[in-house]
Every structure is written in C-alpha cells, then in structure tokens.
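Chemist: Dumping the structure here so I can ask a few things about it.
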Amino acid sequence: MLKDVTFGQYYPAKSFVHRMDPRVKILLVIAYIVFVFLIKSFIGFLPLIVFFSFTVALSRVPVGSVFRSVKGILFLVIFAAVLNLFFYGGNDAKVLEIAGYPLKWWIFSVTEQGIINAAFMSLRLVLLVLGTCVLTLTTTPMDLTEGIESLLKPLKYIKFPVHELALIMSIALRFIPTLMEETDRIVNAQKSRGADFESGNIFRRIKAMVPILIPLLVSAFRRAEELGDAMDSRCYSGAKGRTKYKVLRMGYRDLLGAFAAALVLTAIILINIYFPHIV
Amino acid sequence: MNALEIKNLDFAYEGGKNVLSGINLTVSEGEFVCLLGRNGSGKSTLARLINGLLLPARGSVCVFGMDSAEKKNLFEIRKRAGMVFQNPDNQTVASIVEDDLAFGPENVGVERAEIGERISYALSAVGMEEFRYATPSKLSGGQKQRIAIAGVLALKPDMLILDESTAMLDPKGRAEVTSVVRELNKNGMTVISITHYMDEAVDSDRVIVLSEGKIVMQGVPAEIFSRAEELARYGLNVPKAAYIAKKLRENGLPIAEGIYEGEALEKALCELFQKG
C-alpha cells in the first residue's frame, strides 16, 4: 500500500539529538558540510568522524538506518571514485606498475595519486550524506519547517514571504498521506476497469500513468479550493497580526552542540596547518 | 439580538441564474436550525453566505448584528460563526492535531498561553483529549470531523454552521459528530446544520426546507415531518420512524400523528402491545 510509505525518514525517539532545537541542528549540518570541504588530509577527517559517531550514538538511531542512506548515492560515489582513479592529471602523476606492466591503457591510467584521490573523494561524499541524514532522522518534517521558517526570518525585511513559504511546506507535508491514499484508490479504480500498469515498455508504462495523474491533479485542485475556504472561514488572512503557538527554544543541548562544532573546527584548522598533505 | 438575520437575499454565481432568491430567515441565539434540501437546492450556497465566503447580490446577511457586506466585519463574522465543511480531509492544515487547532487562534492573534487553553477546551468539547498529538490522517472519518469542529471551536464561536459535515461519514462517525453538536447546542451554541439526512433534523428546534433557491417549508420537526407528500415533492423523505408510523397508521393501527422519532414510536408501539 502506498499509504504505508513513511514520508521522510524520521526515526521517532526522545534522544538528546531529537530534543535539540531544529534551527541549531540545521545550522550544525551546514557547518558540518563546510567542515567536510575544509578538510585537506585523511587525518583531518578524524575529528569529524569522532563528532559524527558521537552524534549518532547520542541520537539512539540504529547505525543501520544511518548507513542505509548511503545506498541512495552509491552510484555517485562509485562514479566519482572511478573518475578520480583513472583520470588523475597532475604533473607528479606516476603510473603504477604491476609485475612490470604499467597500468595504462589508451587515456586511462592508474596512478598512486589517483587511488588516493578516489579514496578521499569517496570518504568525503559518504560523510556528507551520513551527516545530513542524521538531521532528517532526528527531526520531524514539521520541526524542520519551523526551523527553516525561523532561520529565514531576516529575509522578511526584503519582503520575502517567509511565513507563506513555511505554511505551504507544512500543508504539502500534511497532504502527502491524503494524496497517497487517493492515488491508491485511483489505481485500484483504473485497474478494476482493466487498466494495465505492469506490462509493455517504458513508454507504454508512462502512458498508462496518465489516467492516474489526471484524476489526481483534478482532485488536488478541488481539495486546494476547499482547504482555501476552510482556512478563510478560520480567519486566515496572511502573516499580519498572527501569533505563533509553537516557539522554538534553545537549551543546554544546543549550546553543547555548538561547542562541539567549535571544537571540531579548531581541530580541523590545526590539522590543516600541521598536516597540509593529503596522506 | 438575533444570531442571524437574512433579509430579501438574492444570490447568483457569476453569469448564472439566481441560486437563491427572496430568502428571509431569522435565527435566534441558541437555536438549532436544520436546513434541508436536495442537491442543487442552494443550501450550501446559503451556508457560505452566512460565513461571508460569498456575498449577497441583493439583500443583506447580518450575523450577530454585523452585516457581511462590510468588509471589515468579515473577520469578526467568521470568528463568531464557525463553519465545518463536508470533507474531513480538506479542512486540516497541519500534520499534528494540536498544531491544526492552533491555526484559528493564531490567525486572530490570540496570546500563546491562551491558545494552549483553547486547544484543551476545544478537544474536550469534542471528546478527543487523548488525540492532542495525533496525526489527523491516521484518524477515522468521524474523529477527523470532530477535530475539524474543534478547530472551529478554538476560535470560540457563538454559532456553528455545519455544511453537510456528516455526509461523508459512516453511521458511527455520523453519530459521533451529531452527539457532539447536540451537546454544544445544549451549552448555548447556535447551530445551523445543513444536511440531507432526515434523521439528523429530528432533534432540531426548527426545520427549513429549501428548493430551487427558495424557502418552501418551515416549522418545528413534528409539523414538517407530518407533511410527507409535500416533502417528497421537494425530493426529501421523512425520517425512518415517521415513515414507519405513517405506514402503520395507514394499515389501521392507532398511532398518533406527529410521531417522527424512533423513541417516540417505540413508546407508542409498546403502549399498543400492552393494551393488547
């Protein structure tokens, strides 16, 4: 059933990380991404890996769920690794030899630096994804929306519709299960009338989707209109004069998180100074 | 002051003929009024006019003395006359019940602490206290609709307009919603319920029948439901109990006129049996 597909990958728990302010978590992830790109050497990853492992341990999310996120970008990692492996073009390129045969064929050549770069790039990409997925695993989509809204607040001064954007996001999230259910219903209705979604080549199958998409779109528009009326009659009139029930509060956890991030940054800078080479 | 005062109301959608014409209707505070009519009789349009979602072409709609034609009144009208719609899925804005109930009070600028209180009040009024942190999409139809009512109650309205709010529910959900609404009415809420389920109209103070945009019948339920032929002409049936009572009467059983309610019929039949 489509309905059972959980949206996002939130892992419900009440851990240290779950209870952090979503704004701080978003900022920490941004910092984390910057750190990943600041690092110049393998040893520089050490503080980041320690930080990451510590966070995962604190979040009480099963390690398996964290690493599952890498699956989605596996192809990208392999692609980047292969490119780096075969196409290192630096002046210091030294083609490797196995039993006297140079590993070189046409424009492909395996160099020592190539291998190192491939490993470095892969590690970088994997850490990038692992880190960001901790955010989505420990923060509900609603909280993420609230966090983004709050972080974007300064943009209000340049007339950017922050509140509207956040409302659109949260309504979209709210309607995902409803529309999933509806899709299920339409698929079944079309199947019961003999529609075939499973056979034929890809073009045929895409064409077979049309009788699902059109009713879905039509109903989405109808729903939007009804929701608009319901919102109107509940006195919605934009961001002006509106109060907010939910307030985000920062606590000691967020302070600790920021402190840890500062520590990691210091370590990375020091390592970059004292170990400027990649290996 | 009357809760609702409609005078010589005409309404037409753009480029169409009149959907409502010559409507005069007064509802006093605390009254429970049922609007009946078949599809296309204009009853939903009337509901929208009361809430200020539509504006009259001619005539006036006054809610608690405020004329909906004046734009500055709309906000206040919607605050005092809350509306619950037909589809329980299309009325919630948030993925958590609590956040959804906060939406109304947030819109009118209620202080944070009071919003919390209002949410508790609204949830207890519809008997859904334990669902404060639930996800609406995982609730049953009846529960969703009770949450929709709670969402309106959080604005502390004095009038509730139900636009076929039970039409998409199963019998259990319908019973849940109806009993919540009755309870609210007992505590002083003015209720205007639009429905085509006759059995829901049985408990109301007044029944109004609309047909082709005009009020064609009006009166207490007992009176309206004794006019079965006339109702049939407007595409409506009498409640089941009234129908059974009528058939029994036709077959010679001495059942009093004006019985239209299950319980009353039951009592009458029991008395008959006792007499032998």
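The values are calculated or read from the model by the stated rules, or taken from the named source; none is laboratory data. The structure presented is a predicted model; accordingly, all values stated were derived computationally and were not measured. As a convention, Cβ positions derive from the backbone with ideal geometry for all residues, glycine included, and neighbour counts pool all protein chains shown. Ligands, DNA and RNA are excluded from the accessible area calculation, which covers all protein heavy atoms including side chains. Shrake-Rupley method; radii C 1.70, N 1.55, O 1.52, S 1.80 Å.
Chemist: Only one of (1) farther than 30 Å from B:Phe103 by Cα; (2) at pLDDT 90 or above is not met by A:Lys207, so which one is it?
Modeler: If we test A:Lys207 against (1) farther than 30 Å from B:Phe103 by Cα; (2) at pLDDT 90 or above, just (2) comes out false.
Chemist: Now for a separate question. Just one of A:Arg242, A:Arg249 is in contact (Cβ under 8 Å) with a residue 60 or more places away in the chain, among the charged types (D, E, K, R) and farther than 24 Å from A:Ser15 by Cα; which is it?
Modeler: Only one candidate passes the filter, namely A:Arg242.
Chemist: Would you check which residues across the stretch A:223-252 are touching a helix residue (DSSP H, G or I) at 6+ places or on another chain (Cβ under 8 Å) and more than 8 Å from chain B (Cβ to nearest Cβ) and list them?
Modeler: Those that are touching a helix residue (DSSP H, G or I) at 6+ places or on another chain (Cβ under 8 Å) and more than 8 Å from chain B (Cβ to nearest Cβ): A:Gly238, A:Ala239, A:Leu248, A:Met250.
Chemist: Has the stretch A:115-136 got at least one residue that is of a type in the set (Val, Ile, Thr), more than 25 Å from A:Leu48 (Cα to Cα) and open to solvent by less than 50 Å² (accessible area, probe 1.4 Å)?
Modeler: We begin by selecting, within the stretch A:115-136, every residue of a type in the set (Val, Ile, Thr); these are A:115-116, A:126, A:129, A:132, A:134, A:136.
Cutting the leftovers down to more than 25 Å from A:Leu48 (Cα to Cα) gives us none.
So far as the stretch A:115-136 goes, no, none of its residues is of a type in the set (Val, Ile, Thr), more than 25 Å from A:Leu48 (Cα to Cα) and open to solvent by less than 50 Å² (accessible area, probe 1.4 Å).
Chemist: Would the stretch A:196-215 turn up any residue that is at the interface with chain B (Cβ under 10 Å from one of its Cβ atoms) and either polar (S, T, N, Q) or not in a helix (DSSP H, G or I) (or both)? Explain how you work it out, then say what you get.
Modeler: Within the stretch A:196-215, the subset at the interface with chain B (Cβ under 10 Å from one of its Cβ atoms) is none.
Scanning the stretch A:196-215 turns up no residue that is at the interface with chain B (Cβ under 10 Å from one of its Cβ atoms) and either polar (S, T, N, Q) or not in a helix (DSSP H, G or I) (or both).
Chemist: Tell me which residues, restricted to the stretch A:172-184, are at pLDDT below 90, open to solvent by less than 30 Å² (accessible area, probe 1.4 Å) and of a type outside the set (Phe, Trp, Tyr).
Modeler: Within the stretch A:172-184, A:Arg174, A:Thr178 qualify.
Chemist: Exactly one of (1) touching a Leu at 6+ places or on another chain (Cβ under 8 Å); (2) buried (at least 17 other Cβ atoms within 10 Å of the Cβ); (3) touching a residue at least 24 places away in the same chain (Cβ under 8 Å) is unmet by A:Ser109. Its number?
Modeler: Here A:Ser109 clears every test but (3).
Chemist: Further question on the same structure: Output the residue which, of all residues in the stretch B:4-45 that are in a loop (DSSP other than H, G, I, E, B) and among the basic types (Lys, Arg), is nearest to B:Gly188 (Cα to Cα).
Modeler: Checking each candidate, the answer is B:Arg38.
Chemist: Can you tell me how many residues in the stretch B:100-118 are buried (at least 22 other Cβ atoms within 10 Å of the Cβ) and more than 7 Å from chain A (Cβ to nearest Cβ)?
Modeler: So the answer is 3.
Chemist: Given (1) facing chain A (nearest Cβ under 10 Å); (2) in a helix (DSSP H, G or I); (3) within 21 Å of the chain's Cα centre (by Cα), where does B:Gly52 come up short, assuming only one miss?
Modeler: Failing condition for B:Gly52: (2).
Chemist: Might you let me know whether the stretch A:142-161 holds any residue that is in contact with a strand residue (DSSP E or B) (Cβ under 8 Å, 6 or more places away or on another chain), of a type in the set (Val, Ile, Thr) and open to solvent by less than 60 Å² (accessible area, probe 1.4 Å)?
Modeler: Checked the stretch A:142-161: no residue is in contact with a strand residue (DSSP E or B) (Cβ under 8 Å, 6 or more places away or on another chain), of a type in the set (Val, Ile, Thr) and open to solvent by less than 60 Å² (accessible area, probe 1.4 Å).
Chemist: Further question on the same structure: If you scan the stretch B:78-98, which residues turn out to be surrounded by fewer than 24 Cβ atoms within 10 Å (Cβ to Cβ), more than 7 Å from chain A (Cβ to nearest Cβ) and more than 22 Å from B:Val19 (Cα to Cα)?
Modeler: If the condition is that a residue be surrounded by fewer than 24 Cβ atoms within 10 Å (Cβ to Cβ), more than 7 Å from chain A (Cβ to nearest Cβ) and more than 22 Å from B:Val19 (Cα to Cα), then B:Arg80, B:Glu98 are the ones that fit.
Chemist: Considering only residues that are of a type in the set (Gly, Ala, Ser) and out of contact with any helix residue (DSSP H, G or I) (no Cβ under 7 Å at 6 or more places or on another chain), which ones fall in the stretch A:213-222?
Modeler: So in the stretch A:213-222, the residues of a type in the set (Gly, Ala, Ser) come out as A:219-220.
Answer for the stretch A:213-222, where residues must be of a type in the set (Gly, Ala, Ser) and out of contact with any helix residue (DSSP H, G or I) (no Cβ under 7 Å at 6 or more places or on another chain): there is none.
Chemist: Here's a follow-up. Consider A:Ser199 against the criteria (1) surrounded by 15 or more Cβ atoms within 10 Å (Cβ to Cβ); (2) among the hydroxyl-bearing types (Ser, Thr, Tyr); (3) out of contact with any helix residue (DSSP H, G or I) (no Cβ under 6 Å at 6 or more places or on another chain): it satisfies all of them except one. Which criterion is unmet?
Modeler: Looking at each condition in turn, A:Ser199 falls short on (1).
Chemist: Name the residue that is least open to solvent (accessible area, probe 1.4 Å), counting only residues in the stretch A:74-106 that are in contact (Cβ under 8 Å) with a residue 12 or more places away in the chain and assigned to a loop (DSSP other than H, G, I, E, B).
Modeler: Looking at the filtered set, the residue picked out is A:Gly90.
Chemist: In addition: Among A:Ala220, A:Ala260, A:Ala189, A:Ala239, which is the only one that is at pLDDT below 85 and either open to solvent by less than 40 Å² (accessible area, probe 1.4 Å) or not assigned by TED's automatic domain parsing to the domain that holds A:Ile30 (or both)?
Modeler: Testing whether each residue is at pLDDT below 85 and either open to solvent by less than 40 Å² (accessible area, probe 1.4 Å) or not assigned by TED's automatic domain parsing to the domain that holds A:Ile30 (or both) leaves just A:Ala239.
Chemist: Please tell me if A:Leu137 is out of contact with any strand residue (DSSP E or B) (no Cβ under 7 Å at 6 or more places or on another chain), under 30 Å from B:Lys144 (Cβ atoms) and within 14 Å of chain B (Cβ to nearest Cβ).
Modeler: Against the criterion (out of contact with any strand residue (DSSP E or B) (no Cβ under 7 Å at 6 or more places or on another chain), under 30 Å from B:Lys144 (Cβ atoms) and within 14 Å of chain B (Cβ to nearest Cβ)), A:Leu137 does not qualify.
Chemist: Does at least one position in the stretch A:175-185 carry a residue that is without any contact (Cβ under 8 Å) to a residue 12 or more places away in the chain and over 30 Å from A:Phe52 (Cα atoms)?
Modeler: Yes: one or more hits.
Chemist: Tell me the strands (runs of 3 or more DSSP E) entirely within the stretch B:140-239 that contain at least 1 residues that are open to solvent by 60 Å² or more (accessible area, probe 1.4 Å).
Modeler: B:214-219
Chemist: Could you count how many residues in the stretch B:240-255 are open to solvent by less than 40 Å² (accessible area, probe 1.4 Å) and either at pLDDT 85 or above or part of a helix (DSSP H, G or I) (or both)?
Modeler: Total satisfying the criteria: 3.
Chemist: Residue check, B:Gly142 against (1) within 11 Å of chain A (Cβ to nearest Cβ); (2) under 20 Å from the mean Cα position of the chain (by Cα), all met but one. Which one?
Modeler: Failing condition for B:Gly142: (1).
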